[in-house]
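S.K.: Dropping a structure here in structure tokens format, bear with me for questions.
The values are calculated or read from the model by the stated rules, or taken from the named source; none is laboratory data. Please read all numbers here as calculations on a predicted model, not as lab measurements. Positions of Cβ are backbone-derived with ideal geometry, glycine not excepted, and every protein chain shown enters the neighbour counts. Surface areas here come from the heavy atoms of the whole protein model, side chains and all, with no ligands, DNA or RNA. Shrake-Rupley method; radii C 1.70, N 1.55, O 1.52, S 1.80 Å.
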Amino acid sequence: MTEQRHRFTRALAGITLAAAMAAALVACSSGLEGTYEDPMGVTRYTFQSNGKVLMRMMGTEVEMTYEKEGDKIKVGTPEGRVVMTLLDDGSIQGPMGVKLTRIQR
């Protein structure tokens, strides 16, 4: 391999690595913060920007982790991951079709 081709290959590898690291940083930042509640006030999710979410339901609190990928919010539960959808109006389509709206504190 010529020296010029070798430099090009190293530069391309460096650019690819930098792009992959930038994508990983974006994926790690959760980007969701606030408290969301169902219409009856039975279930409440409080999302923190550090990737933690506190779910309160019928007097029980459970701390879990979450990841936001595009409009999908993946919450890690003891039973597996629950995938919710962030809607255009800022609310969340939660489990079993329940719409969670952001509450002001």
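S.K.: So which residues in the range 78-101 are modelled with pLDDT under 95 and either within 14 Å of the chain's Cα centre (by Cα) or within 14 Å of GLY34 (Cα to Cα) (or both), if there are any at all?
M.R.: Residues satisfying the conditions are ARG81, VAL82, GLY90, GLY94.
S.K.: Let me ask something additional. Restricting attention to the range 18-41, and to residues there that are open to solvent by 60 Å² or more (accessible area, probe 1.4 Å) and touching a strand residue (DSSP E or B) at 6+ places or on another chain (Cβ under 9 Å), which single residue is modelled with the lowest pLDDT?
M.R.: Here the answer is CYS28.
S.K.: What number of residues in the range 46-59 are out of contact with any Asp or Glu (no Cβ under 8 Å at 6 or more places or on another chain) and either surrounded by 14 or more Cβ atoms within 10 Å (Cβ to Cβ) or more than 16 Å from VAL82 (Cβ to Cβ) (or both)?
M.R.: Qualifying residue count, the range 46-59: 5.
S.K.: Which of the residues that make up the range 74-92 are open to solvent by 60 Å² or more (accessible area, probe 1.4 Å) and either farther than 15 Å from ILE103 by Cα or in contact with a Gly (Cβ under 8 Å, 6 or more places away or on another chain) (or both)?
M.R.: PRO78, GLU79, ARG81, VAL83, ASP88
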